[in-house]
Amino acid sequence: MKRRQEHDDIVYGLHATVEALEANTGNKLYIQDDLKGKNVDKIKALAAQKKVAISWIPKKSLSEMTQGAVHQGFVLRVSEFAYSDLAAILAQADQEDNPLILILDGLTDPHNLGSILRTADATGVAGIIIPKHRAVGVTPVVAKTSTGAVEHVPIARVTNLSQTLDKLKEAGYWIFGTDMDGTPSHKWNTAGKLALIIGNEGRGISANLKKQVDEMITIPMTGHVQSLNASVAAAVLMYEVFRHKL
């Protein structure tokens, strides 16, 4: 599927573990030794079906493996995440009506990326593009936060976002950004091929990418806070596009 066999990594938590097992990326399953119930039975059966070995270990050991994160008693060692190719994402998107591709410009918080993946899966986003440098990639925290969506939304990792935007334009995409001054999101014309840039949590969209944007979109707000969390802003706009497809 979307992982390679070269190195090992982990996912943890019930949903992320089930999704990774179903995607055939699991190598070794660790279950809390005093855990019982239907979730344990379900995962044991799935691991047996996928021929993944199980070790029963203490909760403390699982907590050490996940560096204290909430693991719900399940940790799965998996193959390293293998990113999709940009050309493959574009080819798949061409099979859809009005596809939406997200470009994440330097997001650094794995919880934001995981949350964005979860909403992207829910709203049928065609793919996500992230930079290779100075940005978060797919980590165990991302996989856990996405509740398994990381197995279903293709992610491309590129060296140069500016050149990638040029390729998207050549492929017929309209490039949109998020800004305080722009077209209100409820008046956004979402017809056609869309590429939406979500900026870094602190600085927003970088200046060089802003020059390539066809139109800025703003989310109307009446409160005292001047901006939304990156994953929340992305969710609002993903659902705006999704709404017009219904």
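The values are calculated or read from the model by the stated rules, or taken from the named source; none is laboratory data. These numbers come from a predicted model, not from an experiment. Methodologically, a virtual Cβ is constructed for each residue, glycine included, from the backbone with ideal geometry; neighbour enumeration extends over all protein chains shown. Note: areas computed on protein heavy atoms with side chains; ligands, DNA, RNA excluded. Shrake-Rupley method; radii C 1.70, N 1.55, O 1.52, S 1.80 Å.
Check whether at least one residue in the stretch 66-76 is surrounded by fewer than 17 Cβ atoms within 10 Å (Cβ to Cβ) and assigned to a strand (DSSP E or B), and report yes or no. Within the stretch 66-76, none of the residues are surrounded by fewer than 17 Cβ atoms within 10 Å (Cβ to Cβ) and assigned to a strand (DSSP E or B). Consider the stretch 130-164 and keep the residues that are touching a helix residue (DSSP H, G or I) at 6+ places or on another chain (Cβ under 7 Å) and within 17 Å of GLY199 (Cβ to Cβ). The one that is surrounded by the most Cβ atoms within 10 Å (Cβ to Cβ) is LEU161. If you go through the stretch 205-215 one residue at a time, do you hit one that is open to solvent by 70 Å² or more (accessible area, probe 1.4 Å) and in contact with a Leu (Cβ under 9 Å, 6 or more places away or on another chain)? Yes: the stretch 205-215 contains one or more residues that are open to solvent by 70 Å² or more (accessible area, probe 1.4 Å) and in contact with a Leu (Cβ under 9 Å, 6 or more places away or on another chain). Might you let me know whether the stretch 14-22 holds any residue that is surrounded by fewer than 21 Cβ atoms within 10 Å (Cβ to Cβ), free of Cβ contacts under 8 Å to residues at least 12 places away in the same chain and assigned to a helix (DSSP H, G or I)? Within the stretch 14-22, not a single residue is surrounded by fewer than 21 Cβ atoms within 10 Å (Cβ to Cβ), free of Cβ contacts under 8 Å to residues at least 12 places away in the same chain and assigned to a helix (DSSP H, G or I). Considering each residue of the stretch 211-246, count those that are in a loop (DSSP other than H, G, I, E, B) and free of Cβ contacts under 8 Å to residues at least 40 places away in the same chain, and give that number. Number of matching residues: 10. Identify, please: which residue in the stretch 107-136 is assigned to a loop (DSSP other than H, G, I, E, B) and not small (Gly, Ala, Ser) and is, among those, nearest to ALA82 (Cα to Cα)? Among those that are assigned to a loop (DSSP other than H, G, I, E, B) and not small (Gly, Ala, Ser), it is LYS132.
Only one of the listed residues (ASP214, ASP181, ASP166) is acidic (Asp, Glu), outside the structural domain of LEU14 (by the TED database) and touching a Gly at 6+ places or on another chain (Cβ under 9 Å). That residue is ASP214.
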